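Since the structure comes first, as structure tokens, the remarks are kept for the end.
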Amino acid sequence: MIDLYTWTTPNGRKVSVMLEECGLAYKVHEINIGQDEQFTPEFLAINPNGKIPAIVDPQGPDGKPIAMMESGAILVYLAGKTGRFLPESARGKFDALQWLMFQMGGVGPMFGQAHHFIRSAKEQVPYGIERYSRETRRLYGVLDKRLSGEPYLAAGEYTIADIATYPWIARHEWHQVDLNDFPNVKRWFDAIGARPAVKRGMDVPKR
Ligand SMILES: N[C@@H](CCC(=O)N[C@@H](CS)C(=O)NCC(=O)O)C(=O)O
């Protein structure tokens with residue numbers, strides 16, 4: 001049984017979706033980041049960076065327990081453990097990894113900053129709103145172009161790149177993007193959202 005430390009956010013839900021897709025048994029530990037539970041000594045011993053998600057797999061690669069932080073690394077780990085959602089061919093694997101990195105280095109941090117300036121900043125900072133909203137729309141444009149000729153983000157198949165990206169697109173209302181402006185993203189989003197494992201994973205932790 002894998003221990004999943006998570007909260008109601010896109011980065012957390014990447015991992016619950018992956019666990020559901022892989023059919024792995026897991027136990028949810030809620031880390032309420034609104035109440036600073038990510039900074040307890042117990043949690044910092046699992047993720048020294050003090051952020052969700054994290055997992056502890058009692059059956060690591062060498063048979064010993066392993067703790068993992070960083071959602072992208074956790075997805076690669078679970079793909080390696082199960083042989084699912086990361087293509088075997090070198091070309092397919094590197095394609096999936098580059099779109100995973102695009103999510104980790106672009107979509108997640110930039111959408112996150114847009115959410116901060118649009119929804120949470122203690123003062124209205126037009127420069128911040130404009131900067132991150134513009135970059136968010138630019139990234140949607142990149143995704144839309146990619147998905148104009150492809151069913152999924154990488155390798156012609158559903159991979160961890162899609163699993164990493166979907167929960168961030170699910171927050172499109174937070175960053176004030178109308179999916180109708182990006183029809184290929186919308187088609188992809190609707191197809192992935194219809195997957196039963198995605199529905200279950202997006203409901204973790206239950207709220
Ligand atoms: N790059 C990290 C980012 C993790 C992250 O930013 N987690 C947020 C929630 S989505 C968090 O724990 N925030 C609490 C904090 O920053 O104190 C990952 O992908 O796992």
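The values are calculated or read from the model by the stated rules, or taken from the named source; none is laboratory data. Quantities reported herein were computed from a predicted structural model and do not represent experimental measurements. Please note: Cβ atoms are built from the backbone with ideal geometry, for glycine as well, and neighbour counts cover all protein chains shown. Keep in mind that these areas ignore ligands, DNA and RNA; they rest on the heavy atoms of the full protein, side chains included. Shrake-Rupley method; radii C 1.70, N 1.55, O 1.52, S 1.80 Å.
Working note: 222 nm ellipticity from helices only, DSSP H runs with n ≥ 4, each -39,500 (n - 2.57), summed and divided by the residues of the chain, gives -14500 deg cm²/dmol to the nearest 500.
Taken per residue, the accessible surface of the range 1-52 reaches 45 Å², heavy atoms only and a 1.4 Å probe. Along each principal axis, taking the top coordinate minus the bottom one, the Cα set of the range 32-91 gives 43, 25, 14 Å in descending order.
Over the Cα atoms of the chain, each weighted equally, I'd like the Debye log10 I(q)/I(0) at q = 0.14, 0.15, 0.17, 0.18 Å⁻¹, rounded to two decimals. Result of the Debye calculation: -0.84, -0.96, -1.22, -1.34. For Met1 and Tyr127, the FRET efficiency from 1/(1 + (r/R0)^6), where r spans their Cβ atoms and R0 equals 41 Å, is about 0.30. Listed by chain and number, the lysines whose C-alpha is less than 17 Å from the C-alpha of Lys81, apart from same-chain residues fewer than 8 away, are Lys14, Lys64, Lys93.
Expressed as a whole percent, the proportion of Cα-Cα pairs in the range 142-200 lying more than 20 Å apart is 17%. Shown for the range 75-181: the carbon plus sulfur share of the solvent-accessible area, taken with all protein chains present and a 1.4 angstrom probe, equals 49%. When Phe189, Phe43 are compared by accessible surface with a 1.4 Å probe, the order from highest to lowest is Phe189, Phe43. Distances over 21 Å make up what percent of all Cα-Cα pairs in the range 28-132? Everything past 21 Å amounts to 53 percent. Result for the chain in a Gaussian network model with C-alpha springs under 10 Å: among Asp36, Asp62, Asp144, the largest mean-square fluctuation is at Asp62.
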